[in-house]
Structure formats: C-alpha cells, structure tokens
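The values are calculated or read from the model by the stated rules, or taken from the named source; none is laboratory data. Note that the coordinates shown come from a computational prediction; the quantities given were computed from them, not determined experimentally. As a convention, Cβ positions derive from the backbone with ideal geometry for all residues, glycine included, and neighbour counts pool all protein chains shown.
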Amino acid sequence: MRLLIAASGTGGHLFPAIALAEQLPDMEIEWLGVPNRLETQLVPARYPLHTVAVEGFQQPLGVGSIAIVLRLAQSIWQVRKLLKEGKFDGLFTTGGYIAAPAIIAARSLSLPIIFHESNALPGKVARWFSRWCNVAALGFEAAEEYFPPIQTAYLGTPVRTQFRTPQKLDLPLPTDVPLIVITGGSQGAVAINQLIRQCAPQWLAAGAWIFHQTGDKDPDVDSLQHPHYIAQPFYDNMAGLFQRANLAISRAGAGTLTELAVTHTPAILIPYPYAAENHQAFNADVFVKAGAALVFNQSELTAPLLESKVLELVRSPDLLAQMSTKAAALAIPDSAERLAVLVQQLLTVGHRESG
C-alpha cells in the first residue's frame with residue numbers, strides 16, 4: 001500500500017508524522033511539503049519529497065488574496081495529479097497550510113484521509129476541512145468538541161522513539177544536582193531568554209545547574225557565563241535532557257508538551273503569545289488542570305516572579321515528584337503505534353474496495 005503524508009512547516013507538524021512513518025515499514029511512503037520549509041531538511045534522506053507552493057490567509061482579504069486562491073487551486077490540481085499517477089491508497093496529514101490542497105485533492109479521488117490534530121484548540125484548516133476526512137486523531141481529548149460529527153480517536157501525539165527510551169547525555173552534568181532545562185522551541189524565544197538570564201544567578205547560587213537552548217536569533221547569547229550554566233543554540237538530544245531534568249521551562253507547543261509528558265518532566269509553561277488563536281494557552285491549560293505544570297502569560301511574567309517560583313519548586317522535591325507523576329498520566333507513549341494501526345486499517349479497507 002502507498003501512503004502520502006502531508007506535513008509541513010514546523011517540528012510540531014513534522015515530528016509526529018515522522019514518528020508515525022517509522023511505524024509503517026511495510027508501507028510505501030512519500031511526502032508532500034512546501035518549498036523552503038523544515039521538511040526540505042528533514043525528509044529527503046528518509047522519503048521522496050514533493051513540494052507545492054501554498055500559503056495561508058493571514059492578511060485581510062484583498063487583491064493579494066486572489067493570488068493566494070489561484071495558488072491554492074493550482075496546488076490542488078498538482079496534488080490530485082500526484083495522488084492519481086502515484087496510485088496512492090490514502091492520505092495522512094497533520095494540518096497546516098499543506099493540508100487544505102491535500103485533503104481536497106484526496107477527497108476528489110475518494111481516498112481515505114486521516115487527519116491528526118495535536119493541539120487542544122484545532123487550527124482553522126482542521127476545523128474547515130476535517131469534515132472531509134474519514135477520521136480525526138486527537139492529541140488532546142479536549143479537542144473533540146471542536147470537530148464536526150466525524151469519527152474521532154484520542155490517540156495522543158506521536159513522539160520520536162528516543163523520547164521513549166533512556167538516552168545518554170554528552171554533557172558534563174553531575175547526577176546529584178537539580179537540573180533546569182529551558183527551551184523556547186526549535187526557533188528559540190528571545191523574550192524567555194532575557195528573563196532566564198536575569199533569574200539564573202539566583203538559581204545557580206541555590207545549587208541548580210541550567211541547560212539553556214537559546215535558538216540562533218538571540219543577540220545576547222554570550223552575556224551570561226558560569227561553569228554550571230550551559231547555553232547552546234540547539235541541542236539534538238532534548239530527549240535525554242528532559243529525562244534528566246528536574247524542571248523544564250518551555251513554550252506550550254503540542255509537540256513539546258507531549259515530549260514532557262512522555263519523559264514525566266514537571267514544567268513551567270510560557271505560551272507563545274502570538275500563536276494562531278492563542279492555541280498554546282489552550283494546550284498549557286490541559287497540563288495545569290492535570291497538576292503537571294504551572295503557566296504564566298508572557299506579558300505578566302516578571303523576573304522576580306519567575307525566579308521565586310523556580311526556587312520554590314527546586315526546593316520542593318516532593319512537589320516536583322507529584323507533578324512528574326501527573327505529567328506521566330497525560331502521556332500516551334505508544335501513540336505512534338496506535339495511529340499506525342488506524343492508518344493501516346483505513347487504507348486496507350480502501351485498498352480492498354478500490355481493488
């Protein structure tokens with residue numbers, strides 16, 4: 001059977017799709033993405049990559065919207081041609097701009113379509129086009145209320161296999177000290193970085209070690225120097241860091257939250273304030289209600305408040321242990337396997353019917 005995966009743009013869209021694909025070794029998989037996005041770096045070494053030019057309606061309707069609609073129409077035609085000539089048996093998509101032409105094209109050919117929504121508040125594409133899908137797999141149970149009356153399945157969000165198996169770190173971290181891990185996501189977060197550097201001296205003085213993933217857009221990245229403070233633009237073993245961390249300070253993207261749950265890591269969450277429809281706040285709310293995290297709006301968070309909250313947690317190992325247990329309760333570690341079974345079932349039925 002042949003599957004086309006439409007996943008593009010950010011790690012939040014790509015990594016769950018890659019995790020799923022790894023669970024389908026007997027299926028012929030090809031990829032649909034957008035030029036000059038992250039998939040052009042991550043996918044070609046694994047799967048054949050096809051790209052189409054498509055974008056979202058971020059600006060108000062106007063003359064520019066006509067060009068976007070025309071490109072959308074062209075991309076639908078290109079994807080339909082790809083699906084038909086490639087004799088694909090179905091489509092899997094994680095949403096985003098690429099999902100629109102992919103779903104429309106697959107629907108026009110009556111192919112099975114599986115949509116995965118990782119966020120607690122589904123995006124516009126999910127809400128608009130999921131009604132044309134056979135099933136919507138959900139990363140958060142809270143997302144179910146936003147979907148039209150189609151089949152939904154709460155399966156969690158797939159994570160890369162390294163988050164589910166113990167990882168060794170190549171960092172000089174003692175095993176008997178509290179470790180605080182800070183990440184603003186794959187792009188970093190300058191606003192968070194500035195707060196961290198104001199607070200870090202007090203955390204270090206309290207005996208904690210800090211690993212800070214800064215991203216590559218921080219002009220003050222070298223402004224804090226301390227033997228127990230490690231700052232890197234990127235680090236490719238975040239699984240090992242989350243497994244070792246006593247506390248994480250993070251944005252609230254669905255992918256990162258899933259990784260924190262799978263690694264049982266307590267967290268302080270600072271949702272990205274400019275995320276579409278503030279969806280990161282909805283994600284964070286799930287963890288707060290479960291008792292797995294604290295959340296602060298970026299506009300209201302001050303360095304003294306963050307400093308004191310972190311010290312309170314670091315000095316309360318019992319509280320951190322309780323948060324860890326509650327984070328674990330939110331995890332579905334075998335999400336990728338469950339989603340793979342769903343994909344196989346739907347494509348098998350469609351394959352038999354078409355045959």
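Any idea which residue in the stretch 154-174 is modelled with the lowest pLDDT, counting only those that are outside any loop (DSSP other than H, G, I, E, B) and under 21 Å from residue 14 (Cβ atoms)?
Top of the filtered list is 161.
Of all residues being more than 20 Å from the chain's Cα centre (by Cα) and within 19 Å of residue 223 (Cβ to Cβ) in the stretch 175-196, which is modelled with the highest pLDDT? Just the residue, please.
Among residues in the stretch 175-196 that are more than 20 Å from the chain's Cα centre (by Cα) and within 19 Å of residue 223 (Cβ to Cβ), the one modelled with the highest pLDDT is 180.
Helices (runs of 4 or more DSSP H) wholly in the stretch 187-290 with at least 2 residues that are in contact with a Leu (Cβ under 7 Å, 6 or more places away or on another chain) - which ones?
So the answer is 190-205, 238-244, 279-290.
Checking the conditions here, which among 278, 297, 237, 246 is within 24 Å of the chain's Cα centre (by Cα), buried (at least 17 other Cβ atoms within 10 Å of the Cβ) and in the same structural domain as residue 194 (by TED's automatic domain parsing)?
Of 278, 297, 237, 246, the one residue that is within 24 Å of the chain's Cα centre (by Cα), buried (at least 17 other Cβ atoms within 10 Å of the Cβ) and in the same structural domain as residue 194 (by TED's automatic domain parsing) is 246.
Return the residue satisfying two criteria in turn: it lies in the stretch 96-128 and is in a loop (DSSP other than H, G, I, E, B) and either touching a strand residue (DSSP E or B) at 6+ places or on another chain (Cβ under 6 Å) or of a type in the set (A, V, I, L, M, F, W, C) (or both), and of such residues it is surrounded by the most Cβ atoms within 10 Å (Cβ to Cβ).
Among those residues, the one meeting the criterion is 98.
Determine, yes or no, whether residue 205 is of a type in the set (A, V, I, L, M, F, W, C), touching a residue at least 12 places away in the same chain (Cβ under 8 Å) and out of contact with any Cys (no Cβ under 6 Å at 6 or more places or on another chain).
no
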